[in-house]
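What follows is a set of notes on a single structure, which appears directly below.
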Amino acid sequence: MTTWQTTLTFDTPRRGTYAITREVEDALRHSGVTTGLCHLFIQHTSASLIITENADPSVRRDIEYWLQQHVLDGDPNYAHNYEGDDDMSGHIRTLLTETSLTVPIKGGRLALGTWQGIFIYEHRRGRFQRHIVMTVQGQ
Amino acid sequence: MTTWQTTLTFDTPRRGTYAITREVEDALRHSGVTTGLCHLFIQHTSASLIITENADPSVRRDIEYWLQQHVLDGDPNYAHNYEGDDDMSGHIRTLLTETSLTVPIKGGRLALGTWQGIFIYEHRRGRFQRHIVMTVQGQ
Amino acid sequence: MTTWQTTLTFDTPRRGTYAITREVEDALRHSGVTTGLCHLFIQHTSASLIITENADPSVRRDIEYWLQQHVLDGDPNYAHNYEGDDDMSGHIRTLLTETSLTVPIKGGRLALGTWQGIFIYEHRRGRFQRHIVMTVQGQ
């Protein structure tokens with residue numbers, strides 16, 4: 001068994017989801033691991049990782065709708081709003097989704113289901129650069 | 001250290017939770033690993049995995065009550081409802097719970113707390129067959 | 001590659017968040033692992049683990065505000081309330097946050113982002129002692 005590690009960097013020009021399955025698969029090929037686990041860790045507290053339906057983009061629009069309804073931007077009761085209306089809501093949205101994902105590796109590929117895709121979820125409205133530490137363990 | 005992998009399949013005849021701790025423990029015995037980690041990954045976007053109280057089933061009924069209150073089935077504002085009222089809510093419920101779980105292995109067994117059980121959470125109302133990739137790493 | 005495992009115990013005298021990054025870093029040093037993954041698993045169903053902003057404590061106060069608004073303590077519709085108003089809400093809060101976290105290890109340290117801290121989130125109002133199984137895998 002071996003551990004292989006790299007950092008992937010992505011631009012997230014605005015709030016929303018960004019498909020990264022292909023980039024993760026590409027990096028995975030360099031690891032040489034065929035059976036094991038692939039761990040992704042986003043080093044931020046207002047951007048997160050999700051696995052959801054990869055086919056119909058309206059799924060991700062409906063998720064955004066639900067989050068806007070349930071995690072108010074600029075709730076006047078928030079104390080932490082130094083960077084704007086999307087500051088505190090970004091932290092709560094991150095909490096409700098994932099800071100890290102672990103996906104099995106089988107036959108040298110991510111063992112995702114047919115309809116599963118991996119996405120960065122940028123919760124801030126501005127332009128950011130987000131770093132993901134990818135760690136692969138297996139044989 | 002070694003990596004051991006299998007796929008577990010479960011029938012989920014209706015919306016609700018299904019205890020799978022025993023099935024995971026059974027599979028774990030075949031891995032031969034006594035110290036390490038057990039990773040479970042459900043290959044679907046409208047069924048998920050949870051760890052919650054294993055004793056009183058009313059806990060899981062109250063969780064279902066909370067989800068029904070907060071993630072509306074058939075919200076008319078959802079765009080994605082091709083498969084019915086439980087389509088989009090199933091994706092959001094999956095997002096709020098877990099697509100994968102990692103549980104420590106100690107002395108050849110899952111190191112769960114006394115009150116912790118592992119459950120599949122089927123969010124769709126119809127009958128499905130759900131696949132979980134189980135990956136064990138350790139020594 | 002090696003697997004190293006220990007159990008960390010923390011007192012949580014009241015509902016709220018408790019920073020544990022330093023304690024995890026201290027234990028990590030004993031593992032001897034410099035590249036790999038650090039897994040934390042809390043063996044309880046009404047206390048959880050979160051990664052969020054480590055600098056301004058108002059972030060965690062706003063998270064508590066949001067949870068109190070959205071996961072009612074003592075909702076009269078809950079069936080499971082044997083241990084008080086914070087019993088069932090504690091289980092739901094645990095579900096919405098994390099029972100386990102996995103953090104990459106790089107250069108012998110947790111590869112957290114600048115603003116990320118690890119916290120126990122005690123959801124009950126009484127005094128508890130909480131156990132976390134820490135498993136480190138790597139080289």
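List of remarks:
- Test: residue in the range A:55-63 that is crowded, with 20+ Cβ neighbours inside 10 Å, within 14 Å of chain B (Cβ to nearest Cβ) and among the charged types (D, E, K, R): yes
- None of C:Thr45, C:Thr2, C:Thr34 is surrounded by fewer than 20 Cβ atoms within 10 Å (Cβ to Cβ), of a type outside the set (A, V, I, L, M, F, W, C) and within 11 Å of chain B (Cβ to nearest Cβ) except C:Thr2.
- Flag for C:Arg109 being among the basic types (Lys, Arg), touching a helix residue (DSSP H, G or I) at 6+ places or on another chain (Cβ under 9 Å) and farther than 30 Å from A:Asn81 by Cα: yes
- Single match in B:Gly107, B:Gly126 (criterion: under 30 Å from A:Gln69 (Cβ atoms) and surrounded by fewer than 16 Cβ atoms within 10 Å (Cβ to Cβ)): B:Gly126
- The range C:64-75, residues that are in a loop (DSSP other than H, G, I, E, B), buried (at least 19 other Cβ atoms within 10 Å of the Cβ) and hydrophobic (A, V, I, L, M, F, W, C): C:Val71
- Check on B:Thr52, surrounded by fewer than 23 Cβ atoms within 10 Å (Cβ to Cβ), under 19 Å from C:Leu96 (Cβ atoms) and at pLDDT 95 or above: yes
- Residue list for the range C:82-108, restricted to those being more than 9 Å from chain B (Cβ to nearest Cβ) and assigned to a loop (DSSP other than H, G, I, E, B): C:Glu83, C:Gly84, C:Asp85, C:Asp86, C:Thr97, C:Gly107, C:Gly108
- Those residues of the range A:109-124 which are in a strand (DSSP E or B) and at the interface with another protein chain (Cβ under 7 Å from one of its Cβ atoms), in sequence order: A:Gln116
- Every residue from the range A:45-59 that is in a strand (DSSP E or B) and either at positive phi or small (Gly, Ala, Ser) (or both): A:Ala47, A:Ser48
- Taking residues in the range C:76-95 that are surrounded by fewer than 14 Cβ atoms within 10 Å (Cβ to Cβ), and partners anywhere that are of a type in the set (A, V, I, L, M), the pairs with Cβ atoms closer than 9 Å and at least 6 places apart or on different chains are C:Ala79/B:Val59; C:Ala79/C:Met88.
- Scanning the range C:110-122 for residues that are among the aromatic types (Phe, Trp, Tyr) and surrounded by fewer than 23 Cβ atoms within 10 Å (Cβ to Cβ) yields a count of 2.
- Unmet criterion (only one of (1) over 25 Å from C:Asn54 (Cβ atoms); (2) aliphatic (A, V, I, L, M); (3) within 16 Å of the chain's Cα centre (by Cα)) for A:Leu49: (1)
- Restricting A:Phe128, A:Phe119 to residues that are more than 30 Å from B:His131 (Cβ to Cβ) and of a type in the set (Phe, Trp, Tyr) narrows the list to A:Phe128.
- Of the residues in the range B:58-73, at least one is among the acidic types (Asp, Glu) and either free of Cβ contacts under 8 Å to residues at least 12 places away in the same chain or in contact with a helix residue (DSSP H, G or I) (Cβ under 7 Å, 6 or more places away or on another chain) (or both).
The values are calculated or read from the model by the stated rules, or taken from the named source; none is laboratory data. What you are looking at is a predicted structure, and each value in this text was computed from that prediction instead of being measured. Glycine also receives a Cβ, built like all others from the backbone with ideal geometry; neighbour counts cover every protein chain displayed.
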